[in-house]
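Data first, discussion second: the structure below is written as structure tokens.
The values are calculated or read from the model by the stated rules, or taken from the named source; none is laboratory data. From a predicted model like this one, the values you see are computed outputs, not experimental measurements. Please note: Cβ atoms are built from the backbone with ideal geometry, for glycine as well, and neighbour counts cover all protein chains shown.
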Amino acid sequence: MAPLTRRRCLAGLAATSLGLRGDLARAAPPPRIACLEWTSAEMVISLGIGPVAVADVKGYRDWVVGPALPAGCIDLGSRGEPNLELLLELKPDLITGAYGFGLDEAPFKRIAPVHTVPFYDGAEAPYRQAEIETLKLGSQLGREAEAQRLIQETAAAIAQIRAQLAGRAKQPLAVVSMFDDRHVRVYGKGGLFQDVLDRLSLTNAWTAPTDGWGFSMLGIEELVAIGEARVISLDPIPPHVKIRIDQSSLWANLPCVKAGNVRTIPPVWPFGGLAAAARFANLLVRA
């Protein structure tokens with residue numbers, strides 16, 4: 001795709017003609033980026049650029065958490081229906097989105113160029129797709145070096161954590177999200193968490209078929225299938241749901257619960273990129 005703005009292009013040419021180093025050329029203002037959902041927002045921040053606006057800022061801070069949004073980031077409203085009028089006022093250089101949200105790109109393309117991150121389109125496994133899309137976005141933003149560094153540092157961090165978790169390699173675990181007291185989302189084949197578990201040489205206790213997003217939705221009682229395997233439960237759990245789960249005999253009688261093998265970790269975005277992969281790996285060390 002063409003460079004984002006004429007301003008950035010001219011700044012680069014001026015730096016070249018004057019013989020300035022690349023880091024001085026970077027003194028030009030960063031592009032103004034608006035993100036329609038959280039996966040591309042995570043990627044943009046990971047490459048060192050704070051988006052001017054993101055859809056559902058509170059949701060990002062509750063469900064994604066890291067990398068943190070800049071303090072002044074503007075809320076574009078719902079991810080399903082971002083505020084077009086506000087986008088027009090913000091005059092972004094680039095609008096980013098992600099595959100799977102079903103938004104018609106046409107209205108956004110009338111405001112600024114649109115970059116879509118095609119995670120979970122089946123072309124590649126999610127972790128590999130995250131590497132590919134990081135490189136693409138890095139090229140789009142003039143952050144090729146940052147993209148390469150992010151890929152290398154994420155791989156190195158996961159390799160280091162694999163060594164730390166070597167003693168748990170034969171202990172199966174299941175990763176879940178709980179949204180009510182009767183159902184649970186379990187992550188498995190085809191998802192980012194499975195890719196990270198594989199890289200950590202950890203065994204996923206959940207081997208049943210999953211949907212195109214890499215998870216299964218099931219009744220809590222079906223967790224009996226994993227026996228006494230360790231359960232990693234992702235925050236946030238809505239407070240009223242937590243109360244009901246704590247009072248649920250269905251939950252209390254699961255073998256994994258009876259064995260005291262349930263651990264809760266801070267939020268990680270299951271459909272994120274390399275930052276989410278590294279965050280998940282790091283949190284498993286403490287689980």
query: In region 107-122, what residues are part of a loop (DSSP other than H, G, I, E, B) and either at pLDDT below 90 or within 22 Å of the chain's Cα centre (by Cα) (or both)?
result: 118, 119, 120, 121, 122
- line: Of the residues in region 90-106 that are assigned to a loop (DSSP other than H, G, I, E, B) and more than 20 Å from residue 133 (Cα to Cα), the one that is farthest from the chain's Cα centre (by Cα) is 91
query: Could you list, in sequence order, the residues of region 245-263 that are out of contact with any Gly (no Cβ under 8 Å at 6 or more places or on another chain) and surrounded by 14 or more Cβ atoms within 10 Å (Cβ to Cβ)?
result: 245, 248, 250, 251, 254, 257, 261, 262, 263
Count of region 63-85 residues which are in contact (Cβ under 8 Å) with a residue 12 or more places away in the chain and either among the acidic types (Asp, Glu) or closer than 16 Å to residue 47 by Cβ (or both): 8
message: Scan region 123-139 and tell me whether some residue there is without any contact (Cβ under 8 Å) to a residue 12 or more places away in the chain, farther than 18 Å from residue 280 by Cβ and either in a loop (DSSP other than H, G, I, E, B) or touching a helix residue (DSSP H, G or I) at 6+ places or on another chain (Cβ under 6 Å) (or both).
response: yes
- request: Please tell me if residue 200 is surrounded by 15 or more Cβ atoms within 10 Å (Cβ to Cβ), outside the structural domain of residue 123 (by TED's automatic domain parsing), more than 30 Å from residue 67 (Cα to Cα) and under 26 Å from the mean Cα position of the chain (by Cα).
  value: no
